[in-house]
Amino acid sequence: MFSITKNYKTDGDEIELSLNAKEWIKMLPSEPVFSEKEIVDDINDETLQFARENNVTTVAIRLFAGSDRHHISCNFINDVSSAFTSLTNSVSGIKRKQPLEVFMKAGSCIVNLFFPDQINLFNESDAIYEMGIVNEVLESKNLSEGLSKVKDQKKFIESYKKMLDAIRKTGSCVQFTTASPNSTKTKKIELSKEEVLRRYDYIKDINHIEKETLQVKGKLIAMDVKTKRFKLLLDDGSIKAGEVGNELLESTSFELPNSYDAKIDVEKYIDIKQNCTKEKVVLKTLVKSFC
Amino acid sequence: MSDKEIFMYVKELGNLYLYDVLLEFIYPRVFVCEDSFNSKFLFYEMSSNHDKDVWLVSRISKLEYYDLIDRKKIDSKNI
């Protein structure tokens with residue numbers, strides 16, 4: 001290792017190479033120059049400032065750890081911005097006049113996306129609502145939790161898959177920071193690279209989700225409060241098994257085995273060939289049956 | 001190399017060409033230069049003033065280390 005010094009002079013710059021770089025080496029930081037917290041704070045401040053100054057809802061997408069450099073490819077930027085444009089469009093089911101705009105600093109691992117239009121009298125835009133739903137889905141472990149509020153679910157799933165795929169390919173963890181023009185603080189969501197991969201694997205074959213609510217009668221034969229699982233033996237001899245809704249666990253006591261009238265939500269994950277690949281069953285209510 | 005703009009001439013190393021800037025907006029700035037024989041040098045900014053800049057420079061001695069600073073290769077791997 002050596003040092004190079006460049007002296008700027010009016011009659012031509014002087015460049016010196018010195019093999020004695022020990023003094024400079026001593027000055028190298030032993031710890032990372034910026035702590036994780038400092039970077040996160042900076043992103044918060046900058047995203048909030050950008051949103052307020054430009055009157056636009058802004059999303060900062062940051063890749064970190066796992067990607068060993070402060071760089072993201074053009075492909076990533078294109079994929080993520082087009083995925084986010086259709087993701088937010090599909091929430092209201094209305095096509096935005098212009099795609100989301102991209103703003104980023106050279107050499108940075110942060111892509112800022114902002115919404116170009118739809119500011120109303122109160123300085124609010126559909127963007128705030130759309131990002132609220134997108135964030136709800138990003139926050140929830142299961143895709144279906146926020147999905148019920150989305151108008152064009154098929155397109156949403158397709159865009160969500162595309163976005164996860166782009167992030168997955170970088171091998172990085174990701175952080176989404178959202179700020180709107182009127183907000184005083186940002187919304188932060190972080191996904192580890194393992195979580196990105198898990199969600200991608202979960203959703204990659206799904207084309208759309210079909211939901212139905214069933215009213216059934218049967219005998220409650222198993223209930224595990226800890227793992228929130230149940231088994232119901234229906235009158236026709238078949239067994240319905242699945243998860244127990246949180247509200248139900250908090251509000252009801254159960255007797256085993258006993259006959260109940262049950263309300264069950266069934267979500268069917270349909271793939272491109274219209275086959276049902278997964279089925280999620282959630283027990284919503286249980287009422288003791290007297291007949 | 002002749003079509004590239006000379007970034008710096010150092011007596012001991014000859015002409016250096018800017019290869020890539022790895023960190024530009026975050027201090028300290030880090031960039032890579034290459035010489036006429038495509039040898040790569042990693043520059044780490046130590047101080048920067050209006051009249052004087054000092055960089056610590058490390059010659060990247062092994063070809064396999066080039067992957068670490070070659071964003072084009074990493075991009076193609078990721079895609």
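Put B:55, A:24 in order of accessible area, highest first, and with a 1.4 Å probe you get A:24, B:55. Extension gain for residue A:274 to residue A:22 (0.36 nm times residue separation, less C-alpha to C-alpha distance): 84.0 nm.
Take each peptide in A:267-279, A:126-138, count the other Cβ atoms within 10 Å of every residue, and average; sorted highest first, the result is A:126-138, A:267-279. Any chance you could give the angle, 0 to 90 degrees and rounded to 10, that helix A:126-139 forms with the longest Cα principal axis of chain A? That helix lies at roughly 70 degrees to the long axis. The residues of chain A have, on average, 54 Å² of accessible surface per residue, using a 1.4 Å probe with all protein chains present. Amide H to amide H, with H built 1.01 Å from N, residue B:7 comes under 5 Å of B:16, B:17, B:18, counting only residues 5 or more places away or on other chains. The 3J(HN,Hα) values that the Karplus relation (6.51, -1.76, 1.60; θ = phi - 60°) gives for the stretch A:152-161 are, in residue order, 9, 5, 4, 5, 4, 4, 4, 5, 4, 4 Hz. Gly and Pro appear as x. With 0.36 nm allotted per residue and the present C-alpha distance subtracted, the residue A:285-residue A:129 stretch has 53.1 nm of extension available. Taking a sphere under 14 Å around the Cβ of residue A:197 and counting the other residues whose Cβ falls inside, with K and R at +1 and D and E at -1, yields a net charge of +4. For residue A:100, the amide hydrogen comes within under 5 Å of the amide hydrogens of A:85, counting only partners 5 or more places away or on other chains and with H modelled in the peptide plane. Between the amide H of residue B:22 and those of B:30, B:31, B:32, distances stay under 5 Å, these residues lying 5 or more places away or on another chain, with hydrogens modeled in the peptide plane. Backbone geometry of the stretch B:47-54 corresponds, through the Karplus equation with coefficients 6.51, -1.76 and 1.60 at θ = phi - 60°, to 3J(HN,Hα) couplings of 8, 9, 10, 5, 10, 7, 10, 10 Hz, x marking Gly and Pro. Rounded, prolate or oblate: which fits the stretch A:205-291, taking a ≥ b ≥ c as square roots of the Cα gyration tensor eigenvalues, rounded meaning a/c under 1.5, else prolate when a/b beats b/c? Here the stretch A:205-291 falls in the prolate category.
Residues in the stretch A:260-273 carry Karplus couplings, in order, of 9, 8, 10, 10, 10, 8, 10, 10, 10, 8, 9, 8, 4, 7 Hz; the curve used is 6.51 cos²θ - 1.76 cosθ + 1.60 with θ = phi - 60°, and Gly or Pro positions show x.
At an R0 of 56 angstrom, the distance between the Cβ atoms of residue A:95 and residue A:217 translates into a FRET efficiency of 0.75. Note on residue A:202 and residue A:9: the extension gain reaches 63.3 nm, defined as 0.36 nm multiplied by sequence separation minus the Cα-Cα distance.
Take A:161-172, A:11-22 and order them by the average number of nearby Cβ atoms within 10 Å per residue, most first; the result is A:161-172, A:11-22. Peptide B:15-22 has a mean shielding of 1, counted as Cβ atoms of other protein chains within 10 Å of each residue's Cβ. Put a dot 7 Å past the Cα of residue A:103, heading toward its Cβ, do the same for residue A:251, and the two dots end up 4.5 nm apart. Remark: relative contact order (chain A) = 15 percent; criterion is Cα-Cα distance under 8 angstrom and separation of 6 or more residues. Chains A and B together bury roughly 2800 Å² of accessible area, counting both sides, with a 1.4 Å probe on protein heavy atoms only. Between residue A:162 and residue B:39, what is the label-to-label distance in nm when each label sits 7 Å out along the Cα-to-Cβ direction? It is 4.8 nm.
The values are calculated or read from the model by the stated rules, or taken from the named source; none is laboratory data. Note that the coordinates shown come from a computational prediction; the quantities given were computed from them, not determined experimentally. All Cβ positions, glycine included, derive from the backbone under ideal geometry; neighbour counts span all protein chains shown. For accessibility, only protein heavy atoms count, side chains too; no ligands or nucleic acids. Shrake-Rupley method; radii C 1.70, N 1.55, O 1.52, S 1.80 Å.
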